[in-house]
Amino acid sequence: MRHRVKGRKLNRTWEHRKAMFKNMARSLIEHERIQTTVPKAKEVRRVIDKLVKWGLENTVHSRRMAYRILENRTLVKKLFEEIAPRYKDRPGGYLRLAKLAMPRKGDGAQLAIIEFVEEKKEKETAQEN
């Protein structure tokens, strides 16, 4: 029975899932947009939301917690100084998940693009109109 069990196993061991989500989180913070399968995107969203929440707190402890996942000082700095301040007035929903129409060629897996919601650009276009 799977009562009260969170998350998808994705046919991987716990260690593999943990490493995969760390790598995906690093790539997403570095490039601010990645393409992956829908189940992986839905799971990595949980990790990224936690990182952005820590970025909004901006304490020494939250930086250390983020460093445990990102393991890269430049990415932690980018998260805390560029990405998190965009969402200071937003209570949640920092990512957008857009499903792609064409499945992956090799195995037919449903693909998605996961990206940060751009607060900055939306506000600028609203002011221009």
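Computed from the coordinates by the stated procedures, all read-outs in this text should not be read as laboratory data. Being a predicted model, the structure only gives us computed values, none of them experimental. For neighbour counting, all protein chains shown are included, and Cβ atoms are generated from backbone atoms with ideal geometry for every residue, glycine included.
Aspartates and glutamates near LYS40 by alpha-carbon distance under 14 Å, same-chain residues fewer than 8 away left out - which ones? LYS40 reaches GLU115.
Think of the chain as having a plus end and a minus end, set by charges on the Cβ of Lys, Arg, Asp and Glu; of SER27, LEU79, THR13, THR13 sits farthest toward the positive end of this dipole. Among GLY92, GLY55, GLY108, determine the one that fluctuates most according to a GNM of the chain built with springs between C-alpha atoms less than 10 Å apart. Among GLY92, GLY55, GLY108, the largest mean-square fluctuation in the Gaussian network model of the chain belongs to GLY108. Extension gain for HIS61-ARG73 works out to 2.9 nm (0.36 nm per residue, less the C-alpha to C-alpha distance). Put a plus charge on the Cβ of each Lys and Arg, a minus charge on the Cβ of each Asp and Glu, and nothing anywhere else: the dipole of the chain about its Cα centre is then about 840 debye. If R0 is 30 Å, the Cβ-Cβ spacing of GLU15 and ASP89 corresponds to a FRET efficiency of close to 0.20.
Mean separation of Cα pairs under 8 Å and 6+ residues apart, divided by the residue count of region 14-128: what relative contact order is that in percent?
Once normalised by length, the contact order is 31 percent.
Charge tally around LYS40: other residues with Cβ under 11 Å, Lys/Arg +1 each, Asp/Glu -1 each, net +4. Annotation: aspartates and glutamates with alpha-carbon distance below 12 angstrom to LYS6 (same-chain offsets under eight excluded): GLU43. Take each peptide in 66-76, 2-12, 34-44, 96-106, count the other Cβ atoms within 10 Å of every residue, and average; sorted highest first, the result is 34-44, 66-76, 96-106, 2-12. What the Cα atoms of the chain give is an Rg and a Dmax of 15.9, 54 Å.
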